[in-house]
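Worksheet: one structure, shown below.
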Amino acid sequence: MEAFLVLLCLCVFLARAEAASGEGRSPAAAGTVLPLRVRVREVELEAPAANRLRFRHNVSLTVPVAVGTPPQNVTMVLDTGSELSWLLCNGSYAPPMIPAFNASGSSSYGAVPCPSTACEWRGRDLPVPPFCDTPPSNACRVSLSYADASSADGVLATDTFLLSGGAPPVAVGAYFGCITSYSSTTATSSNGTDASEAATGLLGMNRGTLSFVTQTGTRRFAYCIAPGEGPGVLLLGDDGGVAPPLNYTPLIEISQPLPYFDRVAYSVQLEGIRVGCALLPIPKSVLTPDHTGAGQTMVDSGTQFTFLLADAYAALKAEFMNQTRLLLAPLGEPEFVFQGAFDACFRGPEARMAAASDLLPEVGLVLRGAEVAVSGEKLLYMVPGERRGEADADAVWCLTFGNSDMAGMSAYVIGHHHQQNVWVEYDLQNGRVGFAPARCDLATQRLGAGA
């Protein structure tokens with residue numbers, strides 16, 4: 001491990017230079033290409049206790065999809081940590097300003113009856129299996145809940161999904177949740193945008209039976225997330241020669257059911273964490289799932305930041321604070337916890353923090369055969385609405401690694417904020433996930449998905 005870290009530190013500048021160049025192979029015929037957007041959602045900072053904000057996702061990745069006959073254009077959150085895709089349907093109880101899918105206006109829409117094999121068998125991987133509604137409806141009902149305390153309830157249905165990134169467009173029939181009741185702790189419409197840009201639903205991309213990936217027989221897909229709200233790309237199928245050379249890490253499989261292990265997630269093995277060239281002294285047992293399944297590491301596009309279990313988080317926080325003690329001013333408020341899980345926080349004006357970001361030590365999540373490296377502006381997040389000092393000159397900034405235990409999670413999660421300007425490939429055919437630094441704006445242009 002030590003030799004690997006020395007080589008890694010020597011090569012990091014070369015890797016950054018290659019990524020910045022944007023050079024790659026000439027694109028050949030690619031699979032289905034869809035534009036990928038980072039959407040910032042309005043956040044209501046309602047604290048349940050002083051200086052403690054609820055864990056919630058206020059930034060998501062969205063893709064445009066057309067559903068039904070005739071097609072209705074909708075925007076869906078891309079989530080590799082979820083199984084069942086769903087859409088808010090007309091008549092649903094949902095926050096205002098969110099466009100809904102008109103199920104009655106689609107001739108290809110069909111509700112799954114109950115009892116039926118489709119209802120009982122296809123939902124076997126869901127945390128809460130589908131269940132039969134009371135007569136006279138006899139609908140196959142689904143109930144979904146998420147780590148940020150949002151929830152969705154509705155009926156299992158089928159319809160046609162049209163993926164317009166190909167030539168010609170690809171139409172596929174798929175099961176999804178037609179949601180009639182939705183609850184969230186955060187507004188879903190984008191800041192300063194009209195309702196048409198708000199997400200109508202979620203595109204479930206894990207390995208479960210009802211995921212969009214499984215239903216469509218997709219054996220490889222990839223995405224590249226551009227920083228900010230710039231255009232990124234989602235690619236279903238072959239990359240057309242655009243992808244940079246990737247380092248792969250194998251997916252971890254556990255055959256027996258364990259209470260805290262998600263067997264349909266994209267689980268990889270975290271082998272170490274470094275700050276700069278310093279490998280943190282974390283025992284292997286802390287990074288490996290225990291007998292209950294707690295402690296798995298998941299790659300998740302549906303989670304904004306990265307979360308570490310308490311022991312690993314404490315080691316990272318201590319080393320990062322030590323290495324940045326001459327660069328960053330600690331917030332100095334022990335009771336302040338952003339989103340209920342981020343308590344490594346600092347204060348400073350935007351200009352000074354921007355200048356300091358290039359000098360911050362890189363944090364590396366060392367995987368088996370690959371690494372996710374986090375550097376520069378991706379290490380710190382400016383907390384909305386929090387100012388300190390005379391004339392509110394200082395903003396509050398927090399390290400973008402959170403404490404899983406404080407958030408009520410029993411896993412390590414690599415969120416999409418740390419996947420920006422990284423080409424991420426999910427290779428289900430060979431049971432692996434690949435990573436490589438990339439200029440995602442250039443990759444998006446080469447694939448023609450910047451719209």
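The values are calculated or read from the model by the stated rules, or taken from the named source; none is laboratory data. As the structure is a computational prediction, the values presented were derived from the model and not from experiment. Note that we place each Cβ from the backbone using ideal geometry, even for glycine, and neighbour counts take in every protein chain shown. Each accessible area value is taken on the protein alone, full model and side chains, heavy atoms only, with ligands, DNA and RNA left out. Shrake-Rupley method; radii C 1.70, N 1.55, O 1.52, S 1.80 Å.
Taking only the alpha carbons of region 75-149, what extent do you get along each of the three principal axes, in Å, biggest first?
Per principal axis, max minus min of the Cα coordinates gives 35, 31, 21 Å.
How big is the dipole moment of region 226-324 about its Cα centre under a simple scheme where the beta carbon of each Lys and Arg is +1, that of each Asp and Glu is -1, and everything else is neutral? Debye, nearest 20, please.
Using Cβ point charges on Lys, Arg, Asp and Glu, region 226-324 gives about 280 debye.
So if R0 is 30 Å, what FRET efficiency would Arg124 and Asp405 give, r being the distance between their Cβ atoms, rounded to the nearest 0.05?
E between Arg124 and Asp405, to the nearest 0.05, is 0.50.
Highest first, please rank the peptides 295-305, 217-227 by the mean number of other Cβ atoms sitting within 10 Å of their residues.
Output ranking for 295-305, 217-227: 295-305, 217-227.
Once a ≥ b ≥ c are taken as the square roots of the eigenvalues of the Cα gyration tensor of region 263-347, is the result rounded (a/c under 1.5), prolate (a/b larger than b/c) or oblate (a/b not larger than b/c)?
It is prolate, given that a/c is not under 1.5 and a/b is the larger ratio.
Please express the Cα-Cα pair-distance distribution P(r) of region 179-337 as a list of whole percents, one per 5 Å bin, running from 0 to the bin with the greatest distance.
1, 6, 10, 14, 15, 16, 16, 13, 6, 2, 0
Ignoring ligands, DNA and RNA, what percent of the 1.4 Å accessible area of region 247-440 is carbon and sulfur?
53 percent
What percent does the relative contact order of region 247-440 come to when contacts are Cα pairs within less than 8 Å and at least six residues apart?
30 percent
For region 339-451, state the semi-axes of the equivalent ellipsoid (square roots of 5 times the eigenvalues of the alpha-carbon gyration tensor), sorted largest first and rounded to whole angstrom.
So the three semi-axes of region 339-451 are 30, 20, 13 Å.
If one computes the Cα centroid of region 140-184 and of region 226-283, what distance in Å separates the two points?
25 Å
Can you list the GluC sites (Glu not before Pro) in region 223-297 that are in a DSSP coil and have 12 or fewer other beta carbons within 10 angstrom?
Glu253
Among the DSSP beta bridges whose two residues both lie in region 292-451, what percent are antiparallel, rounded to the nearest 5?
Among the beta bridges of region 292-451, antiparallel pairing accounts for roughly 80 percent.
I need the GluC sites (Glu not before Pro) found in region 286-394, filtered to DSSP loop residues with at most 10 other beta carbons within 10 Å of theirs.
Sites meeting the loop and neighbour criteria: Glu335.
In debye, nearest 20: dipole of region 316-442 around its Cα centre with unit charges on the Cβ of K, R (+) and D, E (-)?
220 debye
Excluding Gln419 itself, calculate the net charge of residues whose Cβ lies under 12 Å from the Cβ of Gln419, where each Lys or Arg counts +1 and each Asp or Glu counts -1.
Combined, the nearby Lys, Arg, Asp and Glu give -1.
What's the Cα-based Rg to Rh of region 247-440, Rh via Kirkwood?
Radius of gyration relative to Kirkwood radius: 0.98.
Cut-off 16 Å, label point 7 angstrom out along Cα-to-Cβ of Ala310: give me the residues of region 391-418 whose amide nitrogen falls inside.
Only 402-412 fall inside the zone, counting backbone N under 16 Å.
Starting from the Cα-Cα distance between Gln323 and Ser116, subtract it from 0.36 nm times their residue separation and give me the gain in nm to one decimal.
Answer, rounded to one decimal: 68.6 nm.
For region 196-240, what D do you get in µm² per second when you plug the Kirkwood radius from alpha-carbon pairs into Stokes-Einstein at 37 °C and 0.692 mPa s?
Answer from the Stokes-Einstein relation: 266 µm²/s.
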